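Following: one structure in structure tokens, then a few remarks.
The values are calculated or read from the model by the stated rules, or taken from the named source; none is laboratory data. For clarity, every value in this text was computed on a predicted model and none was experimentally measured. A quick note on method: Cβ atoms are made from the backbone with ideal geometry, for glycine too, and the neighbour counts reach across all protein chains shown.
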Amino acid sequence: MSPSTRPILDTINSSSRFLALDGLRGAAILMVLSWNLVSQMHTEAGSLAAYAQALCRLNWSGVDLFFVLSGFLIGGILLDQRRSRNLLQVFYLRRACRIFPIYFLSLILFLIARSCLDGTSHEWGWLLTNQGMGGKGIGTASPVPLYSYFLYLQNLWMAWGRSWGPGWLGITWSLAVEEQFYLLLPFIILAVPQKKTLIILCAVCAACALFFRMGHEGLSRYCLLPARMDSLMAGVVISCLLRQEGFVLWLGKSGRAIAAFAIVLAVMFAALIMRPYALGVLNHSFLAVFYSTVLLGAVMFPSGAAVRVLEAAPLRWFGRASYGIYLFHEPVIGAAHAVAFNQAPRIHSPAEAAVSVAAMLAAIGLAAVSYEWFERHLIAFGKRHAYEMPDSVTAK
């Protein structure tokens, strides 16, 4: 076995943490933040702001990177622990400790704000009242019922009603997709014991996502679980493949071919920045392949310069705090613009830009407090509950 591949297999088999994955998650949240910032901007052609906006055209795909990482990490946990006696109990307990507390806290704060503020007013309407597909109209589409957020079903109403719901909660569609995925994936892995069969099944599910998007339009092809299975299942496929010794050995011997493939994907990604929707329904499938390749590179070539950047402490910190940042940044920015300018978030002046940046920094600070004082203790509590292997497995 190649010396360069042995540590990788040991790390995977021991369920150790790849530091670069925190960095990738940090890169994903920074992409989302920059996208939400530049999407507020009103720019003039040829200006510096217009060029900055153009460079960030594809940064919304940070969500696709999150999906690939979730498939990889959750798939890996389930594959490693699939023979545990208490797999489902511990898996769902740990997921609940990680996801539920600040999510439901955000929902409760939203309900308090809506009861105290006038959601029909111009300044608070965007944050607290139902929005249309573009997030610009108040009450222009079927409302998303509040109970759907508590059941992680809001993405279904968003798709059917062609509405993102209140600006405060619009971003939670992706959390609903992930939660539905968490409910489904353990049973798929338990039902398919052979890894090669599982890889084929996951690949078929990923392909079906493309056909689903071809048959639907509007938000249905964006925020429903079947439409995003390509990114999620791509992560699971990578997780399965990296637990196949033959595949890891092949990758270790194919560095040049992989580098050439990665360069082609990078060129295509750069072209998409210029024309973000050029691939149509293939967009998300391409992004699934692109981010899966990035993930493979981070795992297989840990000594590379790009991986050292991903392992930098600041980027890894953003990765650890990314969940809170994702949940908090929209309500904080919306509230800041409502108080400062009596309007929905937009950047038409330096003052509005300053408020958006300050609000984003405040959201990052709030997420830091949440993670250090709240989230990490709940995560540690979840990890106190260990997976229990049958005696026949532990004896080997």
Just give me the residues in region 233-269 being surrounded by 14 or more Cβ atoms within 10 Å (Cβ to Cβ) and polar (S, T, N, Q), in sequence order.
Ser239, Gln244
May I ask you to verify whether Tyr147 is farther than 15 Å from Pro226 by Cα and either in a helix (DSSP H, G or I) or within 18 Å of the chain's Cα centre (by Cα) (or both)?
yes
Return only the number of the condition from (1) farther than 20 Å from Leu175 by Cβ; (2) modelled with pLDDT of 95 or more; (3) not in a helix (DSSP H, G or I); (4) not basic (Lys, Arg) that Asp118 does not satisfy.
(2)
Looking at region 253-269, can you tell me whether even one residue there is of a type in the set (Gly, Ala, Ser), touching a Ser or Thr at 6+ places or on another chain (Cβ under 8 Å) and over 26 Å from Leu58 (Cβ atoms)?
no
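Here is a check on your reading of the model: is Met158 at pLDDT below 95, touching a Phe, Trp or Tyr at 6+ places or on another chain (Cβ under 6 Å) and under 19 Å from Arg228 (Cβ atoms)?
On the way: at pLDDT below 95: yes; touching a Phe, Trp or Tyr at 6+ places or on another chain (Cβ under 6 Å): yes; under 19 Å from Arg228 (Cβ atoms): yes.
Answer is yes for this residue.
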Name the helices (runs of 4 or more DSSP H) wholly inside region 273-363 in which the number of residues that are over 21 Å from the mean Cα position of the chain (by Cα) and over 27 Å from Met41 (Cα atoms) is 2 or more.
305-310
I'd like to verify a number: residues in region 271-319 that are within 26 Å of Ala206 (Cα to Cα) and among the basic types (Lys, Arg), how many?
1
Considering only region 368-381, I want to know if a residue exists there that is within 20 Å of Trp35 (Cα to Cα), surrounded by 20 or more Cβ atoms within 10 Å (Cβ to Cβ) and in contact (Cβ under 8 Å) with a residue 40 or more places away in the chain.
no
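Quick check on this structure: which one of Phe187, Phe211 is modelled with pLDDT of 85 or more, closer than 24 Å to Met158 by Cβ and not basic (Lys, Arg)?
Unique residue meeting the criteria: Phe211.
Could you tell me whether region 321-332 includes any residue that is surrounded by fewer than 17 Cβ atoms within 10 Å (Cβ to Cβ) and either touching a Phe, Trp or Tyr at 6+ places or on another chain (Cβ under 6 Å) or modelled with pLDDT under 95 (or both)?
Residues of region 321-332 that are surrounded by fewer than 17 Cβ atoms within 10 Å (Cβ to Cβ), as a first pass: none.
No, every residue in region 321-332 fails to be surrounded by fewer than 17 Cβ atoms within 10 Å (Cβ to Cβ) and either touching a Phe, Trp or Tyr at 6+ places or on another chain (Cβ under 6 Å) or modelled with pLDDT under 95 (or both).
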On the given criteria, is Ser285 hydroxyl-bearing (Ser, Thr, Tyr), free of Cβ contacts under 8 Å to residues at least 12 places away in the same chain and closer than 25 Å to Leu198 by Cα?
no
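Can you tell me which of Tyr182, Tyr152, Tyr147, Tyr222 is on the phi > 0 side of the Ramachandran plot and of a type outside the set (S, T, N, Q)? First the steps, then the outcome.
On the way: Tyr182 fails: on the phi > 0 side of the Ramachandran plot; Tyr147 fails: on the phi > 0 side of the Ramachandran plot; Tyr222 fails: on the phi > 0 side of the Ramachandran plot.
Unique residue meeting the criteria: Tyr152.
What are the residues in region 214-253 that are small (Gly, Ala, Ser) and without any contact (Cβ under 8 Å) to a residue 24 or more places away in the chain, if any? First the steps, then the outcome.
At the first step, the residues of region 214-253 found to be small (Gly, Ala, Ser) are 215, 218, 220, 227, 231, 234-235, 239, 246, 252.
Residues satisfying the conditions are Gly215, Gly246.
Against the condition surrounded by 13 or more Cβ atoms within 10 Å (Cβ to Cβ), in contact (Cβ under 8 Å) with a residue 60 or more places away in the chain and either under 30 Å from Met360 (Cα atoms) or of a type outside the set (Gly, Ala, Ser) (or both), how does Ala312 come out, does it pass?
Values: surrounded by 13 or more Cβ atoms within 10 Å (Cβ to Cβ): yes; in contact (Cβ under 8 Å) with a residue 60 or more places away in the chain: yes; either under 30 Å from Met360 (Cα atoms) or of a type outside the set (Gly, Ala, Ser) (or both): yes.
Yes.
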Exclusive hit being at pLDDT 95 or above and surrounded by fewer than 16 Cβ atoms within 10 Å (Cβ to Cβ), set Phe91, Phe67, Phe100:
Phe100
Of (1) more than 20 Å from the chain's Cα centre (by Cα); (2) among the β-branched types (Val, Ile, Thr); (3) surrounded by 15 or more Cβ atoms within 10 Å (Cβ to Cβ), Ile200 satisfies every one except (3)
Against the condition touching a helix residue (DSSP H, G or I) at 6+ places or on another chain (Cβ under 8 Å), of a type outside the set (S, T, N, Q) and under 17 Å from Ile258 (Cβ atoms), how does Gly297 come out, does it pass?
yes
Scanning region 19-48 residue by residue, the ones that are without any contact (Cβ under 8 Å) to a residue 24 or more places away in the chain and outside any helix (DSSP H, G or I) total 6
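For residues in region 103-129 being among the aromatic types (Phe, Trp, Tyr) and under 20 Å from the mean Cα position of the chain (by Cα), which is surrounded by the fewest Cβ atoms within 10 Å (Cβ to Cβ)?
Just the residues of region 103-129 that are among the aromatic types (Phe, Trp, Tyr), to begin with: 103-104, 110, 124, 126.
Those left that are additionally under 20 Å from the mean Cα position of the chain (by Cα): 103-104.
Details: Tyr103: 18, Phe104: 12.
Taking the candidates together, the pick is Phe104.
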Which of the residues that make up region 341-367 are over 21 Å from Gly170 (Cβ atoms) and either touching a residue at least 12 places away in the same chain (Cβ under 8 Å) or touching a Lys or Arg at 6+ places or on another chain (Cβ under 6 Å) (or both)?
His348, Ala353, Ala358
Specify the residue that is modelled with the highest pLDDT; the eligible residues are those in region 37-61 that are within 27 Å of Ala351 (Cβ to Cβ) and either of a type in the set (Phe, Trp, Tyr) or crowded, with 24+ Cβ neighbours inside 10 Å (or both).
Trp60
